[in-house]
Amino acid sequence: MIRRQLVIPLICFVAYLGPAAQGQHHADLAPAEIDQLRDAAMDPDIRLKLYLKFARAHFTALEQARTDPKITAADRPKELHTRLQDFLDLYDELDDNIDTYVDRKDDLRKALKAIIEGDTEFQSKLKAFREGLESAKEDTKSYDFVMTSLVDTLTSSAEDHRKLLEEQEIAAKQKKHRKSEKKD
């Protein structure tokens, strides 16, 4: 009987921390970033904005790797591929977390507004990054697939995030309307 009383809350706790566990699987995050995500597991607004913050940092690192004089021309394609993949993994993880919070019926409107701005920002930056590579006539064969995957992910994510925000806005209005009807 005592074991059952301990096991059930433990299972519920682990299930609720699902997104925290995801933070350790895919994206190449620093231990401090993982700790921040773990601490924010209960608050989707904070957690999703942390993912956005980390995505910005990863994209900045990607941009810096393109012109870093310490990276040799021979090593640059591999480095860019790695950083593009890291950014893609991080963005996929962001989307996985959004899905988890949607399944829990959390209100993500505030975080989604920031994420939609981030989607637009990253799409613009990635376009400029690509154009910079093309104008420098750099060989992109080794990371062209991941670049295309990233463009596709950002495009589909932006559409999904806008649609989800719209759905959540409608749901919030309906909930508010139902509450006002109950008061009358």
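Quick note: the coordinates plus some simple rules give every number you see, no bench work behind them. Keep in mind the model is a prediction, meaning the values are calculated, not measured. Positions of Cβ are backbone-derived with ideal geometry, glycine not excepted, and every protein chain shown enters the neighbour counts.
Structural remarks
- Relative contact order for the chain, counting Cα pairs under 8 Å that sit 6 or more residues apart, in percent: 24 percent
- Once the chain from Lys137 to Ile170 is taken as fully extended at 0.36 nm per residue, the excess over their C-alpha distance is 7.1 nm.
- Rg and Dmax [Cα atoms of the range 67-171; Å; Rg one decimal, Dmax integer]: 16.4, 53
- Length available on full extension from Lys179 to Ala57: 0.36 nm per residue minus the Cα-Cα distance, which gives 39.7 nm.
- Simple spin-label estimate for Asp68 and Ser156 in nanometres, 7 Å along Cα-Cβ: 3.0 nm
- Where labels lie 7 Å past Cα in the beta-carbon direction, separation of Arg130 and Ile46 in nm: 3.7 nm
- Dipole magnitude (debye, nearest 20) for the chain, charges at Cβ of Lys, Arg, Asp, Glu: 880 debye
- Distance cut-off 25 Å, percentage of C-alpha pairs in the chain lying past it: 45 percent
- Rounded to the nearest Hz, the phi-derived 3J(HN,Hα) couplings of the range 111-125 under the Karplus curve 6.51 cos²θ - 1.76 cosθ + 1.60 (θ = phi - 60°) are 5, 5, 4, 5, 5, 4, 4, x, 4, 5, 4, 5, 4, 5, 5, where x marks glycine and proline.
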